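What follows is a single structure, written as structure tokens, with notes after it.
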Amino acid sequence: MTDLPSTPDSLPIASLKGVGLQTLRRLEKLGLATVTDLLFHLPLRYEDRTRIAALGSLKAGDQALVEGRVELIEVLPKGRRSLVLRIGDGTGFLNLRFFHFTAEQRRQFERGRLLRAFGEIREGYYGLEITHPDYRLIAEDEAGRPEATLTPVYPLTEGIHQKALRRLVTQALAYADPEHLPDGLPISLPAASGRLRLWEALKLLHQPPAGCSEASPELAAARRRLAFEELLAHHLSLSRFRARMQTRRAPILHIDPTAAERFRQSLPFSLTAAQQRVIGEIEADLAAPRPMMRLVQGDVGSGKTVVAAFAALAALTSNHQVAVMAPTELLAEQHARSFRQWLDPLGVQVALLSGRAKGESRKSALAALSDGFAGVAVGTHALFQEQVAFHRLGLVVIDEQHRFGVHQRLALREKGARDGLYPHQLIMTATPIPRTLAMLGYADLDLSVIDERPPGRTPVNTVVVPTARRAEIVARIADWVGKGRQVYWVCTLIEESELLQAEAAEKTAQILAEALPGVRTALIHGRQKPADKEATMLAFKAGGIDLLVATTVIEVGVDVPNASLMVIENAERLGLAQLHQLRGRVGRGPGEAHCVLLYQPPLTQTARERLGILRDSDDGFVIAEKDLDIRGPGELLGTRQTGQVQFRVADLTRDRDLLDAVHGTAELMLRDYPERVELLIKRWVGNSAQYVQA
Ligand code: ADP
Ligand code: MG
């Protein structure tokens, strides 16, 4: 043992025996580079090979480990050619059938040889059999001695066999002792009390003793022990990042009171109390010489854009530029329009950098930004991917941040830095994040909540309707349009393919246009040219289109207050967060608003419950909490929704209740155990932490 290096955390898998280059590369695809990574690669389930079943006791459907002597070897040419071995153990016999076999394999099997096999017992033509068993010829002295521990079944990638992975993990487990694998969680902390040590948990999970099962409480405890450490590591990584950012300098931005007042006066509405409060919080941040890192969370329609405009005004009146990043072209264009409308009177130039801006117009936009003529740049993430140079960037606004990854967001921090000054960051999201989860994914941010909607909004009346009543709904569109209101029809497909989505939407648009001759119908989807999309959106906003058939491209941010009826097809296939976002496109103006969730029967019990939640509430926060209860936070904190880290062990459904303790423990560790903090982050967050390195 003493010749083992001090920690497997930095030991490459290549140092283990019997790993080829190809295997290494494939393991890398699974995210496995170090021996510790291998130890954290937990089994999906287990096979029980700890008991040898008597052949006479087998039943079809059993998974069993059997042992016996070869009694008969036959190649059966009838039907599909196969090699059949019959083994017996005195209590009965069993056939082992191989459809694929080599001559060499066949030669191995001699009558009288002892053989051990594992697999599922099935009813065969000649009696019970296992097809393609996991088998091994064994020596006489091995007889009657099954495995001492359960056999792990690992998540795999193509080209790596269970057996190979098991061998590697078994080697890796040599390091699972307190000397080589120190706990990231100091055992003196309250959170560690009553919990297993890290190495114990790992040993238990990779090789549970006979008698255990997947659901055994000791295995559950071991998983939770690891999950705790993993959650802690992620939390610490963001907290440390936050601490580092707070040592950075940022330009001091003061909003000019006269300009602010003029802007306020120019708005066709007065700000809600919540908006004013959040604007105040932002102003205080901007006036400090540290980079602001603030997340503004406000439900769809709560009026986040205008809040961002006030922040922009602070930068502009302090002689700094602003970058506004939106997740879609459609939204970037809409933001450019809003900001132009608001800022033109103040003499501020707004540059739009979207896919549409090419050639000369793009060149002049870039020049305006680097010279400082343009005060605001609006665009998609391309704003930061390309060589966009700012003259004096003071503030970065990221809208609908859940569409960007955590790492993308963090990487952005470094981009605008100049002369040792970092731009402030304002991040906006409509995704309601329960506080406990927010602590984890956004531990580096301060949080402001716009918890109030502009007055005069009535809740969207939501109904859940089977597709059989589609004709009725279509007829309702005509009535609605007759009243001078506008309608969205959203076509959804589970496929992420834009092409298929576009095709489905095209077909629907055609059918609807034919069914509704008096209704001006248009189509918008992701595969259209940006210019066409923008023209359609503008026409819809101006009231020149009554019915807009769309894919989910309109999910985020689109703001057309007169559109007040939305039909969503195949609603049962979408996540609640996404449905809530979509529905947020209506109910943005005065007067009643409706949302029809069309579904394809039959609905599962969960689907019924979920659509019910949406029908009964239009509070994003309530929806998120309830959704979490019935299906877990996968959707909420899934990669698509938040670009969150994928956890190796932690499962936020199962481990949600650990988060409070994680938070408390993180604070203690930052104060008292800085070297453990490093260890934990390196071990669990590893490479992805480099984005977070300040
Ligand atoms: P979101 O928070 O979803 O981004 P928006 O910023 O798009 O919301 O605002 C939704 C709509 O509400 C816009 O048409 C906006 O002009 C309007 N709005 C914003 N604030 C107020 C307010 N205080 N009173 C009335 N309407 C408002
Ligand atoms: Mg918005």
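The values are calculated or read from the model by the stated rules, or taken from the named source; none is laboratory data. Predicted model, so just to flag it, every value in this text is computed and none were measured. Please note: Cβ atoms are built from the backbone with ideal geometry, for glycine as well, and neighbour counts cover all protein chains shown. Please note that ligands, DNA and RNA were not included when accessible areas were found on the heavy atoms of the full protein model with its side chains. Shrake-Rupley method; radii C 1.70, N 1.55, O 1.52, S 1.80 Å.
If the chain between residue 418 and residue 73 were fully stretched, how many nm would it gain, using 0.36 nm times the residue separation less the Cα-Cα distance?
Details: separation 345, 0.36 × 345 = 124.20 nm, distance 7.76 nm.
Result: 116.4 nm gained on full extension.
Entry note, the stretch 34-151: relative contact order of 29 percent, from Cα contacts under 8 Å with a spacing of 6+ residues.
Classify the stretch 215-282 as rounded, prolate or oblate from the Cα gyration tensor: take a ≥ b ≥ c as the square roots of its eigenvalues, call it rounded if a/c is under 1.5, otherwise prolate when a/b beats b/c and oblate if not. Oblate shape, in that a/c is at least 1.5 and b/c is the bigger or equal ratio.
Put a dot 7 Å past the Cα of residue 126, heading toward its Cβ, do the same for residue 367, and the two dots end up 8.6 nm apart. Across the chain, C-alpha contacts under 8 Å between residues 6 or more apart give a mean separation that, scaled by the residue count, equals a relative contact order of 13 percent. Taking amide H as placed 1.01 Å from N in the peptide plane, residue 424 has its amide H under 5 Å from the amide H of 292, 395, 396, each at least 5 places away in sequence or on another chain. With both labels modelled 7 Å from their Cα along Cα-to-Cβ, the residue 266 to residue 99 distance reads 7.2 nm. Between residue 161 and residue 622, the FRET efficiency estimated from the beta carbon spacing at R0 = 45 angstrom works out to 0.40. Of the accessible area of the chain, computed with a 1.4 Å probe over protein heavy atoms only, carbon and sulfur atoms account for 51 percent.
Enumerate by residue number the GluC sites (Glu not before Pro) in the stretch 454-505 meeting two conditions: DSSP loop (anything except H, G, I, E, B), and at most 15 other Cβ atoms within 10 Å of the site's Cβ.
Numbers: sites: 472, 495, 496, 498, 503; in loops: 495, 496.
Loop-located and lightly packed - 495, 496.
Taking each of 507/541; 29/529; 483/529 in turn, the alpha-carbon distance tops 25 angstrom for 29/529; 483/529.
With every protein chain left in place, what is the accessible area per residue of the chain in square angstrom, probe 1.4 Å? Can you show the working numbers first?
On the way: 30410 Å² over 694 residues.
Accessible area per residue, the chain: 44 Å².
Got the relative contact order for the stretch 535-608 handy, in percent, Cα pairs under 8 Å and 6 or more residues apart?
Over the stretch 535-608, the number comes to 33 percent.
What are the lysines whose alpha-carbon lies under 16 Å from the alpha-carbon of residue 163, with same-chain residues fewer than 8 places away excluded? Candidates past the 8-residue exclusion: 17. 3J(HN,Hα) couplings calculated from phi for the stretch 597-614 with the Karplus curve 6.51 cos²θ - 1.76 cosθ + 1.60 (θ = phi - 60°) are, in sequence order, 9, 8, 10, 9, x, x, 8, 6, 4, 5, 4, 4, 4, 5, 5, x, 4, 5 Hz; Gly and Pro show x.
What FRET efficiency comes out for residue 603 versus residue 654 if R0 is 25 angstrom and r is the Cβ-Cβ distance? Round to the nearest 0.05. Don't skip to the end; give the middle numbers.
Working: r = 26 Å, r/R0 = 1.04.
My answer for the efficiency is 0.45.
Were the residues from residue 452 through residue 511 laid out at 0.36 nm apart, the gain over their Cα-Cα distance would be 17.3 nm. Applied to the stretch 158-163, the Karplus parametrisation 6.51 cos²θ - 1.76 cosθ + 1.60 on θ = phi - 60° returns per-residue 3J(HN,Hα) values of 3, x, 10, 8, 3, 4 Hz, with x for Gly and Pro. Taking the charge dipole of the chain about its Cα centre, with +1 at Lys and Arg Cβ atoms and -1 at Asp and Glu Cβ atoms, the residue from 61, 604, 101 reaching farthest to the positive side is 101. On the basis of the beta-carbon distance and an R0 of 60 Å, residue 389 and residue 110 show a calculated FRET efficiency of 0.20. Compared with the alpha-carbon gap, the fully stretched path from residue 276 to residue 667 is longer by 137.6 nm at 0.36 nm per residue. Helix content alone sets the calculated 222 nm mean residue ellipticity of the chain: runs of n ≥ 4 DSSP H residues at -39500 (n - 2.57) each, divided across all residues, give -11500 deg cm²/dmol. Evaluating 6.51 cos²θ - 1.76 cosθ + 1.60 at θ = phi - 60° for every residue in the stretch 262-271, the Karplus couplings come out as 4, 5, 4, 4, 6, 6, x, 9, 9, 5 Hz, glycine and proline recorded as x.
In a shell of Cβ-Cβ distance under 14 Å around residue 164, excluding residue 164 itself, what net charge do Lys and Arg (+1) and Asp and Glu (-1) give? With Lys, Arg at +1 and Asp, Glu at -1, the net is +4.
Put simply, when 152-165, 662-675 are sorted by average Cβ atoms within 10 angstrom per residue, most first, you get 662-675, 152-165. Ranked by the mean number of other Cβ atoms within 10 Å of their residues, highest first, the peptides 564-573, 577-586 come out as 577-586, 564-573. Annotation: amide H-H contacts under 5 Å for residue 516 (H modelled 1.01 Å from N, sequence separation of 5 or more, or interchain): none.
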